[in-house]
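Contents: one structure, followed by commentary.
The values are calculated or read from the model by the stated rules, or taken from the named source; none is laboratory data. Here the structure is a predicted model, which is why all the values come from computation and not from measurement. Positions of Cβ are generated from backbone atoms using ideal geometry, with glycine treated the same way; all protein chains shown enter the neighbour counts.
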Amino acid sequence: MLYKYYNKNCFDWMDSQDSNSITAVVTDPPYGVREYTEGEIKKRRLGKGGIWRIPPSFDGHKRNALPRFSVINESPKERENVYNFFHEWGKKLYRILVPGGHIFIASTPLLSDIVSHAMREAQFERRGEIIRTVTTLRGGDRPKGAEDEFKELSIIPRGMWEPWELFRKPLSERTIAINLRKWHAGALRREHPNTPCGDLFTIGKTPKIERVIAPHPSIKPQQFLRKLVYASLPTGNGIILDPFAGSGSTLAAAEYHNLRSIGLEIDSEFYNMGKDAIPRLAQLYR
């Protein structure tokens with residue numbers, strides 16, 4: 001096993017690490033900041049809602065709960081919380097990431113501008129976005145309580161894509177080539193020498209077999225994560241960090257490619273889920 005998986009708070013853990021010890025980050029963080037706190041997680045597990053939207057069952061199938069990003073987006077205080085969270089996180093991450101190290105952050109169109117601003121202020125370079133085209137359950141709804149009266153309307157577009165923000169710590173060397181030789185960072189690895197890294201991936205919903213192995217509300221498909229972790233270590237050397245590891249799907253993707261990784265998860269139930277799920281996810285589709 002090339003991964004390490006800890007039941008820890010990522011802020012505390014980063015404070016204890018050496019400078020320039022992590023090569024890349026691939027993560028899906030708690031965008032509302034509040035939704036993964038103990039109280040909100042308890043509400044979700046009880047099906048009580050809170051900041052989570054509990055979709056109704058359809059044809060006997062129970063759908064996963066989703067964070068209420070629209071609620072977060074509409075509240076100035078919540079937006080400020082998002083900025084402060086990522087700015088503080090970015091500052092701590094800056095110290096332990098090697099020069100040229102890339103960060104892939106799963107996002108939402110409603111909040112990606114705030115996160116991008118926070119990361120820029122933490123001194124990271126914005127390097128674009130990775131777009132995953134996938135139909136979500138977010139948006140597209142008619143006006144609540146007047147669905148028949150305004151049946152031809154949607155109050156917000158139906159979500160058809162997922163942005164991943166891409167950042168890089170500035171180089172410490174004169175050229176990318178020198179930085180790559182010293183730090184194994186500064187560029188993205190191609191899947192094939194003749195094919196440049198792209199920023200658009202048509203990869204749909206997480207397959208059922210993966211959701212059964214790791215029933216985390218935000219699990220991303222292995223097909224997609226395997227592409228990101230492979231690209232994140234340009235020479236194949238170094239360590240990938242997922243500070244919000246959930247059930248460990250990023251670590252499983254790294255393990256599939258025989259890459260070293262570290263995952264941190266503050267919630268004990270998700271952590272225990274991941275201990276069982278990581279090796280099983282890593283073995284899929286071999």
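Across the range 258-286, the number of residues qualifying as more than 20 Å from Gly238 (Cα to Cα) and not acidic (Asp, Glu) comes to 16.
For the range 171-200, the set of residues classified as more than 19 Å from Gly100 (Cβ to Cβ) and touching a helix residue (DSSP H, G or I) at 6+ places or on another chain (Cβ under 8 Å) consists of Glu191 only.
Applying a threshold of 9 Å to beta carbon distances and a minimum spacing of six or more residues, or different chains, the list of pairs starting in the range 95-112 at a residue that is within 27 Å of Thr136 (Cα to Cα) and ending at one that is surrounded by fewer than 18 Cβ atoms within 10 Å (Cβ to Cβ) and among the aliphatic types (A, V, I, L, M) reads His102/Ala187; Leu110/Ile156. The set of residues from the range 130-144 being buried (at least 18 other Cβ atoms within 10 Å of the Cβ), under 16 Å from the mean Cα position of the chain (by Cα) and either of a type outside the set (A, V, I, L, M) or at pLDDT below 95 (or both) comprises Arg132, Val134. Restricting the search to the range 164-200, which residues are within 21 Å of Thr133 (Cα to Cα), surrounded by fewer than 18 Cβ atoms within 10 Å (Cβ to Cβ) and not charged (D, E, K, R)? Scanning the range 164-200 gives Thr195, Pro196, Cys197, Gly198, Leu200. Scanning the range 147-154 turns up no residue that is surrounded by 12 or more Cβ atoms within 10 Å (Cβ to Cβ), over 21 Å from His102 (Cβ atoms), of a type in the set (Lys, Arg) and modelled with pLDDT under 95. If you take the residues of the range 201-226 that are of a type in the set (A, V, I, L, M, F, W, C) and touching a helix residue (DSSP H, G or I) at 6+ places or on another chain (Cβ under 8 Å), which of them is surrounded by the most Cβ atoms within 10 Å (Cβ to Cβ)? It comes out as Leu225.
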